[in-house]
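Working notes, beginning with the structure itself.
The values are calculated or read from the model by the stated rules, or taken from the named source; none is laboratory data. Please read all numbers here as calculations on a predicted model, not as lab measurements. Using ideal geometry, Cβ is built from the backbone for each residue, glycine included, and neighbour counts are taken over all protein chains shown. Accessible surface is based on the protein model in full, side chains and every heavy atom, while ligands, DNA and RNA are left aside. Shrake-Rupley method; radii C 1.70, N 1.55, O 1.52, S 1.80 Å.
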Amino acid sequence: KQWYQRRVRANNLRMSKPIKLVSQSKCYGGFQCVYEHESSILKCTMKFGCYLPPQHEKKKNLPIVYYLSGLTCTEQNYIMKSGFQRYAAKHGIVVINPDTSPRGFDLPGEHESYDFGSGAGFYVNATEEPWKTNYRMYSYVTGELPTVISSNFNVNVGKSAISGHSMGGHGALIAALRNPGKYKCCSVFAPISNPSECPWGQKAFSGYLGDNKSAWKQYDATFTAKEYDGPKLEILLDQ
């Protein structure tokens with residue numbers, strides 16, 4: 001098992017791209033950082049928040065929580081407004097919070113409304129033009145970003161959890177339900193748990209995924225929960 005873990009980490013190091021420290025602030029004995037990197041999935045520069053608790057300097061294999069924000073947010077909202085750092089420091093948890101959409105493309109209509117386009121990636125892999133090349137937040141959050149994190153920080157990928165609010169709660173549910181065993185638990189606050197049946201979800205899904213509603217089901221927790229076939233998953237939900 002140890003040999004396999006070393007090999008996985010070595011492969012991750014070869015696959016990952018450099019990250020750049022954008023900002024760093026001392027916070028509850030640890031550091032609240034913001035990093036950026038070039039995303040091959042989204043084809044742009046992406047920022048993510050990274051809280052490193054005091055234990056990070058001495059102890060390896062710390063647990064990770066990924067937090068997904070809601071509509072209009074950047075990586076800054078959770079950092080500035082939640083106060084999570086106090087608890088992450090106490091329990092020795094690395095907390096990662098990405099942006100909510102790709103940035104810097106100025107696609108037609110991308111900035112016209114708060115609930116579609118920039119700041120509203122909805123954590124799906126778009127299949128419709130002009131979004132399908134860059135708006136692939138599902139693959140970014142569940143694939144590329146965890147590889148970047150495990151390659152650069154002292155974390156235990158086997159002790160990962162995911163959380164989110166509103167649109168981010170939807171993203172967290174989908175990530176956990178579609179990837180059995182990847183996350184130990186999933187905690188969501190006021191999630192968009194049935195996006196196929198609400199105006200926000202219908203607008204986003206029709207724009208990113210097209211009008212075929214059968215294609216929406218893979219990104220709708222109400223449907224994916226019924227099809228879940230994996231190890232026991234603890235889901236904490238406050239609606």
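Those helices (runs of 4 or more DSSP H) of the stretch 49-152 in which at least 1 residues are among the polar types (S, T, N, Q) and open to solvent by 30 Å² or more (accessible area, probe 1.4 Å), considering only elements entirely within it, cover 76-81, 145-152. Gly169 falls short on exactly one of the conditions (1) open to solvent by 10 Å² or more (accessible area, probe 1.4 Å); (2) touching a Phe, Trp or Tyr at 6+ places or on another chain (Cβ under 8 Å), and that condition is (1). With the requirement that a residue be loosely packed, with under 13 Cβ neighbours inside 10 Å and either at pLDDT below 65 or not in a strand (DSSP E or B) (or both), what does the stretch 18-28 give you? Within the stretch 18-28, just Pro18 meets the criteria.
Yes or no, residue by residue, for (1) within 25 Å of Gly117 (Cα to Cα); (2) in contact with a strand residue (DSSP E or B) (Cβ under 9 Å, 6 or more places away or on another chain):
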| residue | (1), (2) |
| --- | --- |
| Val34 | yes, yes |
| His37 | yes, yes |
| Thr74 | yes, yes |
| Met80 | yes, no |
| Gln85 | no, yes |
| His91 | no, yes |
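A Cβ distance below 9 Å, combined with a sequence gap of six or more or placement on separate chains, defines the contacts here; from the stretch 195-220, residues that are touching a residue at least 60 places away in the same chain (Cβ under 8 Å) reach residues that are basic (Lys, Arg) in the pairs Phe205/Lys213; Tyr208/Lys132; Tyr219/Arg178. With the condition kept exactly as written, say whether any residue in the stretch 143-165 is under 18 Å from Val95 (Cβ atoms), in contact with a Gly (Cβ under 6 Å, 6 or more places away or on another chain) and at pLDDT 95 or above. Yes, there is a match, as at least one residue in the stretch 143-165 is under 18 Å from Val95 (Cβ atoms), in contact with a Gly (Cβ under 6 Å, 6 or more places away or on another chain) and at pLDDT 95 or above. Once the stretch 105-124 is narrowed to residues that are in contact (Cβ under 8 Å) with a residue 24 or more places away in the chain and under 16 Å from the mean Cα position of the chain (by Cα), the residue that is farthest from Asp211 (Cα to Cα) is Gly119.
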